[in-house]
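Engineer: This structure is in structure tokens; I'll ask about it shortly.
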Amino acid sequence: MTGARTIGLVSVLAAAVLVTFGLGVLVLPPGLADEHAWETLPAAGMAVAGFSLLSLDVVLPVPSSIVLTAMGATLGFAVAAAVGTAGLTCAAVAGYAGGRLGHSRSERWLGDEAPMLRDRLERHGMAIVVLTRPVPVLAEVVTFLCGCGAMSRSRFLVASILGNAVTASAFAAAGSIASARGAAGWLALVGVLLLAAVLYGLALALRRRRAAPDLEQRIRAVRRSQASRAGTSE
């Protein structure tokens, strides 16, 4: 069961992300969401611009799906997926680092709920990070929360790379197919869907594996409680 202080922390992070994104609208150029505007960029400019924007996606409302799709149409599936994964991962690492800066303050806010949050992030954090990477706002909130809750750096990085790779590959494949690049685009899309299915299966397996010890501990606790009651009644 999630404590009230943890829910409050998540709410504060969500509000901060929304406010930051709202202010970011004033900074980003108005034509950023226009796919046709991206078609005028040369390949090198597209790669640099795409990577830069995606790296800022943690603090600015960058339309990552449009950026990734445009890169897929211009750069091809492989390059767009690689550049997109790198950019999104940079943004995730920056968000995690920002969360770690507020770790001590979060610990004081959470109080006795801090160990519970840390334990849940260690047990389920990787699956949560992977599955929320394509979701706007929620991805950023989870990123900051992982930093605030002191989730393992290595586990967060691995989960971020996996989730970002699937997200970037999916949109890059869509852009590649839309630009009529032939069978390679369709093969890329099939590969992305298979990779997503594998990652989803791994997330479920990890969840079941970690749930098994919890069930055993509960059974042991019930048995100890029953034995204690039996000893007391005697």
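Engineer: Just one of (1) crowded, with 20+ Cβ neighbours inside 10 Å; (2) without any contact (Cβ under 8 Å) to a residue 60 or more places away in the chain trips up Leu110, so point out which.
Structural biologist: (2)
Yes/no matrix, rows are residues, columns are (1) in a helix (DSSP H, G or I); (2) more than 27 Å from Cys148 (Cβ to Cβ):
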| residue | (1), (2) |
| --- | --- |
| Val58 | no, no |
| Ala70 | yes, yes |
| Ala78 | yes, yes |
| Val83 | yes, yes |
| Ala86 | yes, no |
| Val93 | yes, no |
| Gly98 | yes, no |
| Ser104 | yes, no |
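Engineer: Please pick out the residue among Arg123, Arg105, Arg118 that is surrounded by fewer than 20 Cβ atoms within 10 Å (Cβ to Cβ), out of contact with any Cys (no Cβ under 8 Å at 6 or more places or on another chain) and touching a residue at least 60 places away in the same chain (Cβ under 8 Å).
Structural biologist: One residue alone meets the criteria, Arg123.
Engineer: Which one is nearest to Ile177 (Cα to Cα), of the residues in the range 50-63 that are surrounded by fewer than 24 Cβ atoms within 10 Å (Cβ to Cβ) and modelled with pLDDT under 85?
Structural biologist: Looking at residues that are surrounded by fewer than 24 Cβ atoms within 10 Å (Cβ to Cβ) and modelled with pLDDT under 85, I get Pro63.
Engineer: Kindly list, by first and then second residue, each pair from a residue in the range 145-168 that is in a helix (DSSP H, G or I) to a residue that is charged (D, E, K, R) and crowded, with 23+ Cβ neighbours inside 10 Å, limited to pairs with Cβ atoms under 8 Å and residues at least 6 apart or on different chains.
Structural biologist: If the second residue must be charged (D, E, K, R) and crowded, with 23+ Cβ neighbours inside 10 Å, the pairs left are Ser160/Arg133; Gly163/Arg133; Asn164/Arg133; Val166/Arg133; Thr167/Arg133.
Engineer: Go through (1) under 21 Å from the mean Cα position of the chain (by Cα); (2) on the phi > 0 side of the Ramachandran plot one by one and return the number of the condition Leu101 breaks.
Structural biologist: All conditions are met except number (2).
Here's the yes/no breakdown for (1) modelled with pLDDT under 80; (2) touching an Asp or Glu at 6+ places or on another chain (Cβ under 8 Å); (3) within 19 Å of Thr69 (Cα to Cα); (4) of a type outside the set (Phe, Trp, Tyr):
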site	(1), (2), (3), (4)
Pro134	no, no, yes, yes
Val137	no, no, no, yes
Leu145	no, no, no, yes
Arg155	no, yes, no, yes
Ile161	no, no, yes, yes
Ala172	no, no, yes, yes
Ala183	yes, no, yes, yes
Trp186	yes, no, yes, no
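The values are calculated or read from the model by the stated rules, or taken from the named source; none is laboratory data. Everything numeric here is computed off the predicted structure, so don't read it as measured data. With ideal geometry, Cβ positions are generated from the backbone for all residues, glycine too; neighbour counts draw on all protein chains shown.
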